[in-house]
Amino acid sequence: MDRRAMIKVGLRLYGLPAFEYQKCVLLLLEKALSRLPEGKEEILGIFDLQGFSLKNSDLKFLTFLFDVLYYYYPSRLGQVLFVEAPFVFQPIWQLAKPLVKSYASLVQFCSADDMRKEYFTESTLPESFRH
């Protein structure tokens, strides 16, 4: 299995100011990039959409994330997985799609089962995707 560094984004409300979330994302992004194996340059972004609702949607944050990748880390995002996206996410994605520019073509919708089988081994599977 060809491993990329991974960033997993879970959509949960923690009550932090938006700026704190943004700082955290930048720190995690730098950490993921520093862990890339020799000769690898792309990361895998996983958006865990289990439990997604309009209440916890944040188009502004999604735009921030893709803008950071587009302008400051071009060509570093290899693929984006939207895992277990509920029906209510589709209109949000249609609004966000033009804002994320060329990264929209990197997005793949998948189930947690498909993601587990295709991208992870038992030892590398994130805890939140274990049943």
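State the extension gain, in nm to one decimal, for the chain segment bounded by residue 53 and residue 105, taking 0.36 nm per residue of separation less the distance between their alpha-carbons.
16.4 nm
DSSP loop (so not H, G, I, E, B), at most 12 other Cβ within 10 Å: list which GluC sites (Glu not before Pro) in segment 62-131 pass both filters.
Sites meeting the loop and neighbour criteria: 122.
Could you tell me whether segment 84-123 comes out rounded, prolate or oblate from its Cα gyration tensor? Rule is a ≥ b ≥ c as square roots of the eigenvalues, rounded for a/c under 1.5, then prolate if a/b exceeds b/c, otherwise oblate.
Cα axes put segment 84-123 in the oblate bin.
Before rounding to the nearest 500, sum -39500 (n - 2.57) across all DSSP H runs of length at least 4 in the chain and divide by the residue total; then give [θ] at 222 nm in deg cm²/dmol.
Calculated at 222 nm, the ellipticity per residue is -11000 deg cm²/dmol.
Could you list, bin by bin from short to long, the percent of Cα-Cα pairs of segment 5-129 in 5 Å steps?
2, 9, 21, 24, 23, 15, 5, 1, 0
Note the full-extension length gain between residue 113 and residue 88 as 0.36 nm times their separation in residues minus their Cα-Cα distance, in nm to one decimal.
So the extension gain works out to 7.0 nm.
Nearest-5 percent of antiparallel DSSP beta bridges in segment 5-129?
So the antiparallel bridges in segment 5-129 amount to around 0 percent.
Can you divide the C-alpha Rg of segment 30-89 by 2.2 N^0.38 Å and report the result to two decimal places?
This ratio for segment 30-89 stands at 1.29.
What relative contact order, as a whole-number percentage, does segment 5-129 give when Cα pairs under 8 Å and 6 or more residues apart are counted?
25
With each label point set 7 Å from Cα along the Cα-Cβ vector, what nm distance links residue 60 and residue 27?
Output for this residue pair reads 2.1 nm.
Calculate, for residue 38 and residue 95, the FRET efficiency according to 1/(1 + (r/R0)^6) with r their C-beta to C-beta distance and R0 41 Å; round to the nearest 0.05.
My answer for the efficiency is 0.55.
Which trypsin sites (Lys or Arg not before Pro) in segment 48-131 pass both tests, a DSSP loop state and at most 13 other beta-carbon atoms within 10 Å?
Of the trypsin sites (Lys or Arg not before Pro), the ones in loops of segment 48-131 whose Cβ has at most 13 other Cβ atoms within 10 Å are 130.
Throughout, read-outs are computed from the coordinates displayed, never taken from laboratory work. Just so it is clear, the model here is predicted, and its values are computed rather than measured. Note that we place each Cβ from the backbone using ideal geometry, even for glycine, and neighbour counts take in every protein chain shown.
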